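Trainee: Before we start, here is the structure in question, set down as structure tokens.
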Amino acid sequence: MILVTGGAGFIGSNFVLDWFQHSDEPIINLDKLTYAGNLQNLKSLAGDDRHRFVKGDIGDIELVKTILAQERPRAIINFAAESHVDRSILGPEEFISTNIVGTYRLLEATRWYFTQAPSALQEQFRFLHVSTDEVYGSLSPSDPAFAETNRYEPNSPYSATKAASDHIVRAYHHTYGIPVLTTNCSNNYGPYHFPEKLIPLCIHNALAGKELPIYGDGQQIRDWLYVKDHCSAIRCVVERGRVGETYNVGGWNEMANIDVVKTVCSVLDTLKPKADGSSYASQIVFVKDRPGHDRRYAIDASKICEELNWKPAETFETGILKTVRWYLDNPDWIANVTSGAYQNWLNLQYGNSPQP
Ligand code: NAD
Ligand code: TYD
């Protein structure tokens with residue numbers, strides 16, 4: 001069995017669902033259920049013995065030790081994190097608690113478990129830390145894409161806390177011999193993506209007849225990967241990755257934000273045309289830029305491709321079509337996650353700008 005943390009969030013829940021399409025190996029899923037955690041994402045697993053959910057914090061060492069002692073997982077995959085850059089700008093504290101202190105405590109519990117494990121389990125055991133390309137900072141237009149050897153230059157509180165966690169993970173390998181692996185992935189998109197992030201926010205706002213807020217000039221570049229391709233990369237790394245190594249994961253899909261939003265609009269224009277015949281793109285507005293906004297991210301994923309024979313299955317065109325279709329087919333999921341506290345976030349983040 002494996003322990004997944006943060007498995008009720010966007011990528012974690014996609015990972016859990018994807019795992020059971022390939023394996024019957026059970027998962028124990030530890031998640032604190034913050035605003036970003038949503039058990040509805042996993043409702044297709046109701047009554048499925050392969051999945052056991054525990055509500056709890058990765059920073060609760062005693063709880064994690066109890067889970068490890070009882071369940072004896074052969075791997076831990078750590079998705080749990082605060083993940084939204086804009087929230088980290090308005091309030092970094094939770095990011096420091098979960099991403100830094102929480103990861104450290106999860107590693108401490110892991111060290112306790114690993115040290116006393118029988119040698120057969122020690123040989124098999126892996127701790128995979130799921131991280132981001134944002135730790136590498138911002139690229140100029142002519143810079144080569146991020147390689148694993150790039151220096152860390154995080155610019156936001158979010159990326160700084162992820163960078164810190166990556167360093168702690170590394171230290172637990174070099175100092176205590178914990179068999180760790182780290183993946184640094186580019187921006188994901190796909191089903192179950194909370195509509196505070198660019199793509200699901202724009203789909204949701206477009207359908208609600210609201211404005212589509214583009215920060216600054218919209219020329220910031222991100223490298224987009226369909227979430228299922230991230231899941232397959234993580235499965236590759238946990239099974240075949242070299243212990244102590246880091247692997248960059250990306251889809252060779254660099255796009256400016258404005259082009260991403262225009263693509264979403266044109267897919268919506270085709271799948272659900274507006275009654276008045278206008279394009280959803282007419283709802284785009286340019287709003288105040290994010291402070292310290294990184295200009296460009298791009299991932300060189302050749303190491304994972306060549307070493308582990310991984311490659312993404314989706315292009316941006318195929319992935320965005322699947323994503324928009326999923327949101328159109330799941331209005332109840334959107335209605336549930338956008339009630340309550342979500343409205344407070346919109347007021348806080350976009351309050352001084354035109355209505356998003
Ligand atoms: P998310 O915010 O959607 O989900 C995070 C999950 O972690 C939620 O279910 C939340 O309840 C849980 N969680 C938060 N704090 C916790 C704690 N202290 N203990 C236990 N559970 C806790 O995030 P996501 O987009 O799914 O990202 C998952 C991981 O992947 C993160 O580590 C993130 O840094 C990394 N990542 C994300 C992207 C992306 O584009 N979303 C890209 C690269 C890497
Ligand atoms: P986001 O989805 O928040 O991911 P990240 O900041 O981790 O890359 O944002 C993706 C890009 O879209 C980023 O450059 C910020 C921009 N953006 C907007 O222009 N408007 C928005 O309302 C949001 C949420 C993001």
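The values are calculated or read from the model by the stated rules, or taken from the named source; none is laboratory data. All figures in this text were calculated on a predicted structure; none of them were measured in a lab. Positions of Cβ are generated from backbone atoms using ideal geometry, with glycine treated the same way; all protein chains shown enter the neighbour counts. Accessible surface is based on the protein model in full, side chains and every heavy atom, while ligands, DNA and RNA are left aside. Shrake-Rupley method; radii C 1.70, N 1.55, O 1.52, S 1.80 Å.
Trainee: Go ahead and collect, in residue order, the members of the range 23-60 whose backbone nitrogen is under 16 Å from a label point 7 Å along the Cα-Cβ direction of residue 111.
Mentor: Label zone hits: 59-60.
Trainee: Across the range 258-267, in residue order, what do the Karplus-derived ³J(HN,Hα) couplings come to in whole Hz, using 6.51 cos²θ - 1.76 cosθ + 1.60 with θ = phi - 60° and x for Gly and Pro?
Mentor: 4, 6, 4, 5, 5, 5, 4, 4, 6, 5
Trainee: Residues with amide H under 5 Å of residue 180's amide H, sequence separation 5 or more or different chain, H placed in the peptide plane at 1.01 Å from N; which?
Mentor: 127, 244
Trainee: How large, in Å, is the range 248-333 by the Kirkwood hydrodynamic radius built from its alpha-carbon pairs? It would help to have the intermediate numbers written out before the result.
Mentor: Details: mean 1/r = 0.0641 Å⁻¹.
About 15.6 Å, per the Kirkwood formula over Cα pairs.
Trainee: When Lys and Arg each count +1 and Asp and Glu each count -1, what net charge do the other residues less than 13 Å away from residue 24, Cβ to Cβ, add up to? Write down the numbers at each step before the final one.
Mentor: Details: positive: 50; negative: 25, 48, 49.
That sum, taken over residues with Cβ under 13 Å, equals -2.
Trainee: On to the next question. I'd like the accessible area for residue 113, computed on protein heavy atoms only with a 1.4 Å probe and all protein chains in place. Round to 10 Å², please.
Mentor: Using a 1.4 Å probe on the heavy atoms, I get roughly 10 Å².
Trainee: Compare the peptides 210-216, 276-282, 39-45, 160-166 by average per-residue count of other Cβ atoms within 10 angstrom and give them in order, highest first. Write down the numbers at each step before the final one.
Mentor: Working: 210-216: 19.9, 276-282: 13.0, 39-45: 15.7, 160-166: 23.9.
Taking the mean over residues of other Cβ atoms within 10 Å, the ranking is 160-166, 210-216, 39-45, 276-282.
Trainee: Scan around residue 253 for amide H atoms under 5 Å from its own, H built in the peptide plane at 1.01 Å from N, and keep only partners 5 or more places away or cross-chain.
Mentor: Long-range HN contacts for residue 253: 224.
Trainee: Still on this structure: Nearest 0.05, what FRET efficiency do residue 344 and residue 256 give at R0 = 41 Å with Cβ-Cβ as r? Can you show the working numbers first?
Mentor: Working: r = 30 Å, r/R0 = 0.73.
Computed FRET efficiency for residue 344 and residue 256: 0.85.
Trainee: Something else: Could you pull out which residues in the range 1-20 have an amide N less than 19 Å from a spot 7 Å beyond the Cα of residue 33, following the Cα-Cβ vector?
Mentor: Once the point is set 7 Å along Cα→Cβ of residue 33, 4-14, 16-17 turn out to lie under 19 Å by backbone N, inside the range 1-20.
Trainee: Using amide H atoms built 1.01 Å from N in the peptide plane, name the residues 5+ places from residue 287, or on other chains, whose amide H lies under 5 Å from its own.
Mentor: Answer set, sorted by chain and number: 214, 215, 216.
Trainee: Could you tell me whether the range 212-300 comes out rounded, prolate or oblate from its Cα gyration tensor? Rule is a ≥ b ≥ c as square roots of the eigenvalues, rounded for a/c under 1.5, then prolate if a/b exceeds b/c, otherwise oblate.
Mentor: Values: a/c = 3.96, a/b = 1.76, b/c = 2.25.
Oblate.
Trainee: So how do 232-242, 288-298 stack up, highest first, on mean other-Cβ count within 10 Å?
Mentor: Values: 232-242: 19.4, 288-298: 15.6.
The densest-packed peptide leads the list: 232-242, 288-298.
Trainee: Another question, then. How many angstrom lie between the C-alpha centres of the range 255-334 and the range 10-24?
Mentor: Cα centroid to Cα centroid, the span is 22 Å.
Trainee: Cα-based Rg (one decimal) and Dmax (whole number) for the chain, in Å?
Mentor: Reported Rg and Dmax, both Å: 19.9, 67.
Trainee: Rounded to the nearest 10 degrees, what's the angle between the helix 10-22 long axis and the longest principal axis of the chain, both from Cα atoms, 0 to 90?
Mentor: Helix 10-22 and the main axis of the chain meet at about 60 degrees.
Trainee: Could you run the Karplus curve 6.51 cos²θ - 1.76 cosθ + 1.60 with θ = phi - 60° over the range 105-114 and give me ³J(HN,Hα) per residue in whole Hz, x for Gly and Pro?
Mentor: Values per residue, Gly and Pro as x: 5, 4, 5, 5, 4, 5, 4, 4, 5, 5 Hz.
Trainee: Answer rounded, prolate or oblate for the range 172-216, using the Cα gyration tensor with square roots of eigenvalues a ≥ b ≥ c: rounded when a/c is under 1.5, else prolate when a/b is larger than b/c, else oblate. Don't jump to the answer; show the numbers that get you there.
Mentor: Numbers: a/c = 5.28, a/b = 3.41, b/c = 1.55.
Because a/c hits 1.5 or more and a/b exceeds b/c, the range 172-216 counts as prolate.
Trainee: Please report, for the Cα atoms of the range 1-93, the Rg to one decimal and the Dmax as a whole number; what are they, in angstrom?
Mentor: In Å, with Rg to one decimal and Dmax whole: 13.4, 41.
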